[in-house]
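Encoded as structure tokens, the structure appears first; notes follow it.
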Amino acid sequence: MKNKIGIIIGREFKERVHKKSFILTTLLTPILMMVLMFAPMLISEYSDESTKSIAVVDDSGIIAQHLINSGEIVFEQTPLPLEIARTEYDDYYAILHIGRDVVSNPTDAYLYTNGTAAMGTEHNISSQLTMAVQKEKMKIYNVEQQVMHELNTRVVPQSLKNVAEHEDAGGSSTMVASVLAYVLSFILYMFLILYGVMVMQSVIEEKNNRVLEVLVSTVRPFDMMMGKILGVASVALLQITIWIIFIAGMACFVLPHILPDNVLAAMELLKQGVPASAVDAGGNMGLLQGILMLSNIKYIGSIIIWLLLFVFGGFLLYAAMFAAVGSAVDSPQDAQQLQTPIMLPIILALFVMLTVINDPTSDVAFWFSMIPLTSPIVMMARIPYEIPMWEVCLSAALLYATFFIVVWGAGKIYRVGILMHGKKPTLKDLLRWMRYK
Amino acid sequence: MDLLKIENITKRYSGHTALDNVSLSIPEGSIYGLLGPNGAGKTTLLRIINRIIMPDAGRVLLDGKEITADDVCHIGYMPEERGLYKKMKLGEQAVFFARIKGLSHKEATQKAKMWFEKFGIEDWWNKKVGDLSKGMAQKVQFIVNVLHEPKLLIFDEPFSGFDPINANLLKEEILALRDKGATIIFSTHNMSSVEEVCDHITLIDKSRNILSGNVEKIRHSHGTNIFEISYRGDGQKLTDTVAGQCTVMEMATSSIGINKAKIHIANDSDVRNVIAALNENVELRSFSEVIPTMNDIFIRAVECNV
């Protein structure tokens with residue numbers, strides 16, 4: 001019997017891996033992810049350099065002198081009164097009207113744009129005006145510029161892991177952890193839904209083309225179902241593994257070329273054994289910590305292992321339910337109603353995940369990462385925050401234990417469902433089938 | 001020797017009885033036809049033999065022992081609605097099913113190739129079911145069904161969807177399999193194929209077995225003492241001759257001088273006397289009993305079973 005499951009797994013695996021859609025999504029998704037990550041950077045780098053001319057009508061007479069031209073914006077002061085300037089300069093990007101009382105009343109400034117206003121430009125003008133007004137105010141209060149500069153400080157605490165031994169050379173970056181949490185739980189979400197529905201559709205297909213009838217006489221329905229689930233699971237794991245390798249490769253070969261020099265220098269120092277607190281990466285300390293965290297083999301390795309375990313366990317759990325639904329219906333349309341109860345916990349988990357990222361140790365986070373239906377997604381959102389190991393192990397154990405119970409029930413439904421044709425069953429019917437001898 | 005014995009099988013679905021106390025036995029090395037109108041329970045019976053569904057009562061014996069899951073590996077079952085993967089290459093498909101039925105990968109490939117050649121479809125190996133017509137797909141289905149050389153083959157409506165040439169090919173293959181020792185059961189509405197192929201039949205109607213037995217015996221036992229004669233001579237003379245012993249049912253004359261008649265001989269009369277009397281008065285060319293076709297028997301049996 002074992003051998004027969006093997007033959008079925010082999011067939012499922014081979015058929016899916018050879019599909020064009022599989023090859024395309026496997027190769028394109030990481031590329032797409034990279035593009036999405038780097039696109040904003042590249043766009044800002046190469047965005048159109050055309051300068052925007054802005055006519056300035058300065059009624060206060062003191063602000064316009066502080067406005068600084070940049071590559072993007074050129075200010076041109078005009079002596080014309082506002083009404084005339086507004087018609088005169090209608091081919092300019094905008095006309096900036098600085099009111100007489102702008103120093104005492106910050107709202108006394110107006111920007112008349114001739115086209116659509118660009119957020120970046122408005123932001124630029126706003127901050128320039130603010131600075132200008134600040135400078136004028138400093139003059140009024142007799143504050144020296146140096147004092148102002150000294151006052152302007154920003155404190156960003158470096159978060160470090162509070163561990164006894166200092167083997168943990170790298171810091172821990174909350175930013176990186178939350179990004180990881182997002183990405184990992186979305187991977188889980190995607191795989192549970194996509195591959196779960198794939199199992200369901202393939203069961204429906206086999207039922208419709210009567211392959212099941214040929215198989216059912218020689219293979220136990222349970223083996224048939226498990227063969228299918230494991231076959232699809234192996235495809236999912238293959239895809240994730242390819243992605244991990246791809247991303248790791250990108251990180252090793254591409255990252256060094258795009259990182260700022262001071263970060264690279266700081267990493268070099270760390271490698272040579274200089275303590276983290278003594279290394280200065282300038283304003284890129286956060287970036288440095290993120291990189292260090294991601295290059296910590298122990299940290300990333302454990303995440304990858306847990307990811308594979310939770311994807312596999314979560315998938316098995318949901319795929320069994322999807323298979324049961326697929327076995328009961330004749331067409332994907334009929335499945336809609338029955339698959340809703342399966343989708344709900346997945347979607348619930350996604351919402352819980354959003355709160356978990358803000359507070360990974362809250363009670364909500366803990367309990368939803370224990371309840372097996374939501375645990376794969378929620379737990380994957382918590383793992384990057386290095387929560388206690390026992391919680392992760394307990395969650396995984398509960399997940400796999402539930403899988404065995406669910407797969408047993410699903411097998412019972414499957415056995416009855418695959419030979420039922422015609423009428424559209426309800427959830428109640430499915431539960432009744434479970435009790436058949 | 002009976003290969004398969006079906007004893008008092010009853011299967012009820014909510015609301016109706018699909019099979020009601022059906023028993024039949026299928027001799028080894030024979031071709032067994034399962035006849036019956038639509039909805040009679042034929043497919044249910046075939047599914048029970050294949051252990052796809054379980055009967056509510058009764059048992060299925062294979063070689064005198066109750067049939068088990070392992071036995072089913074040695075059955076080739078071709079469901080009426082064909083069971084093939086649409087997006088899988090035909091060759092791989094044949095190999096897959098043969099392996100599921102217990103053949104090794106090598107053996108399965110070898111045999112599949114052989115059958116593809118036999119049917120002249122070697123170049124279909126890499127095609128998919130979606131690329132084929134229904135009849136073409138059925139050929140592949142047939143191969144899948146016989147590849148593992150089962151000793152018991154079950155076909156549900158094997159001839160539906162085949163053109164006459166391919167239906168003939170299929171018939172010949174079925175006969176060849178029987179000659180090699182396989183036992184074959186098939187269900188059908190196609191009565192001419194029953195007469196040509198089947199050794200035994202069972203007629204199921206309204207969930208019951210209403211007629212079972214050897215095809216020739218059934219046909220003869222349904223003889224109704226009607227004879228067809230062709231002769232040269234005067235029709236009136238013939239009528240007069242047989243009056244009292246027979247009733248003339250039909251008379252026909254033809255331009256070439258050979259006339260035909262259909263007569264019904266009363267049960268207490270001796271056929272020899274009738275022939276002797278006729279021989280004296282007309283020039284008798286032929287005299288034969290009208291044996292009902294399976295089609296007639298089928299219709300009559302089903303109508304009587306109301």
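Here, each number is a calculation from the coordinates, and none is a lab measurement. The shown structure was predicted, so the numbers you read here are calculated from the model rather than taken from an experiment. Note: ideal-geometry Cβ built from the backbone for every residue, glycine included; neighbour counts use all protein chains shown.
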Task: Relative contact order for segment B:224-290, counting Cα pairs under 8 Å that sit 6 or more residues apart, in percent - done: 52 percent
Task: Solution diffusion estimate, µm²/s, Stokes-Einstein, chain B, Kirkwood Rh from C-alpha pairs, 4 °C, viscosity 1.567 mPa s - done: 59 µm²/s
Open item on the list: Using C-alpha positions alone, give me the convex hull volume of segment B:224-290 per residue in cubic angstrom.
Closed with: 71 Å³
Open item on the list: Rounded to the nearest 5, what % of DSSP beta bridges with both residues in the protein assembly as shown are antiparallel?
Closed with: 60 percent
Open item on the list: Among A:His257, B:Trp124, B:Met54, whose Cα projects farthest towards the positive end of the dipole of the protein assembly as shown, with charges put on the beta-carbon of Lys, Arg (+1) and Asp, Glu (-1)?
Closed with: B:Met54
Open item on the list: Please list 3J(HN,Hα) in residue order for segment B:239-247, calculated via the Karplus relation 6.51 cos²θ - 1.76 cosθ + 1.60 where θ = phi - 60°; whole Hz, with x for glycine and proline.
Closed with: 4, 4, 4, 8, 4, x, 9, 9, 10
Open item on the list: Under 5 Å between amide hydrogens, which residues at least 5 positions from A:Val74 or on another chain qualify, with H placed 1.01 Å from N in the peptide plane?
Closed with: A:Lys52, A:Ser53, A:Ile54
Task: For B:His200, A:His421, order by how many other beta-carbon atoms lie within 10 Å, fewest first - done: A:His421, B:His200
Task: Burial ordering of B:Met136, A:Met175, A:Met225, fewest other beta-carbon atoms within 10 Å first - done: A:Met175, B:Met136, A:Met225
- [ ] Counting only C-alpha contacts under 8 Å and six or more residues apart, can you give the relative contact order of chain A as a whole percent?
- [x] 18 percent
- [ ] Based on alpha-carbon positions alone, could you give the equivalent ellipsoid semi-axes of the protein assembly as shown from the gyration tensor, as √(5λ), descending, whole Å?
- [x] 86, 32, 23
Task: Neighbouring partner chain Cβ atoms per residue of A:215-225, average, 10 Å criterion - done: 5
TODO: Please name whichever of B:Gly76, B:Phe96, B:Asn145 sits farthest to the positive end of the charge dipole of segment B:64-159, dipole taken about the Cα centre and charges placed at Cβ: Lys and Arg +1, Asp and Glu -1.
DONE: B:Phe96
Open item on the list: Relative contact order of chain B, please, whole-number percent, based on alpha carbon pairs below 8 angstrom and at least 6 residues apart.
Closed with: 20 percent
Task: Simple Cβ-charge dipole of segment A:52-146, Lys/Arg +1 and Asp/Glu -1, about Cα centre, in debye nearest 20 - done: 300 debye
Open item on the list: Taking every DSSP beta bridge with both residues inside segment B:60-201, roughly what % is antiparallel (nearest 5)?
Closed with: 25 percent
- [ ] Could you tell me what fraction of 2.2 N^0.38 Å the Cα radius of gyration of chain A comes to, as a two-decimal ratio?
- [x] 1.37
TODO: Taking the Cα centre of segment B:1-100 as origin, sum charge times position over the Cβ atoms of Lys and Arg (+1) and Asp and Glu (-1), and report the length of that vector in debye to the nearest 20.
DONE: 480 debye
Task: 222 nm mean residue ellipticity, helices alone, for chain A (DSSP H n ≥ 4; -39,500 (n - 2.57); rounded to 500) - done: -22000 deg cm²/dmol
- [ ] Among B:Thr68, A:Thr174, rank each residue by its count of other Cβ atoms within 10 Å, from fewest to most, as a rough exposure measure.
- [x] B:Thr68, A:Thr174
Task: Phi to ³J(HN,Hα) by Karplus 6.51 cos²θ - 1.76 cosθ + 1.60 over segment A:427-432, Hz, x for Gly, Pro - done: 4, 5, 4, 4, 5, 5
Task: segment B:289-299 - phi-based ³J(HN,Hα) in whole Hz, Karplus 6.51/-1.76/1.60, Gly and Pro as x - done: 7, 8, 8, x, 6, 4, 4, 4, 4, 4, 5
Task: Shielding by partners, peptide B:46-59 (average Cβ within 10 angstrom, other chains) - done: 2
- [ ] Provide the percentage of antiparallel DSSP beta bridges, counting only those with both residues in chain A; round to the nearest 5.
- [x] 35 percent
Task: segment A:52-146 - Kirkwood radius from inverse mean 1/r over Cα pairs (Å) - done: 13.6 Å
Task: Choice from A:Ala55, A:Ala265, A:Ala365 showing the highest fluctuation, given a GNM over chain A with Cα pairs closer than 10 Å - done: A:Ala55
Task: Shielding score for B:71-79, defined as the mean number of other chain Cβ atoms within 10 Å - done: 3
Open item on the list: If packing is taken as the average count of other Cβ atoms within 10 Å, what order do A:191-201, A:66-76 fall into, highest mean first?
Closed with: A:191-201, A:66-76
TODO: Subtracting the Cα-Cα distance from 0.36 nm times the residue separation, let me have the gained length for B:Lys134 to B:Lys87 in nm, one decimal.
DONE: 15.4 nm
- [ ] Would you work out which of A:Ile95, A:Met175, A:Val406 lies farthest towards the positive end of the dipole of chain A? Charges go on Cβ: Lys and Arg +1, Asp and Glu -1.
- [x] A:Val406
Open item on the list: Let's see if you can work this out: charge +1 on each Lys and Arg Cβ, -1 on each Asp and Glu Cβ, no other charges. What is the dipole magnitude of the protein assembly as shown about its Cα centre, in debye to the nearest 20?
Closed with: 2720 debye
- [ ] Could you check the simple spin-label distance between B:Ile299 and B:Ile53, using points 7 Å along Cα→Cβ, in nm with one decimal?
- [x] 3.0 nm
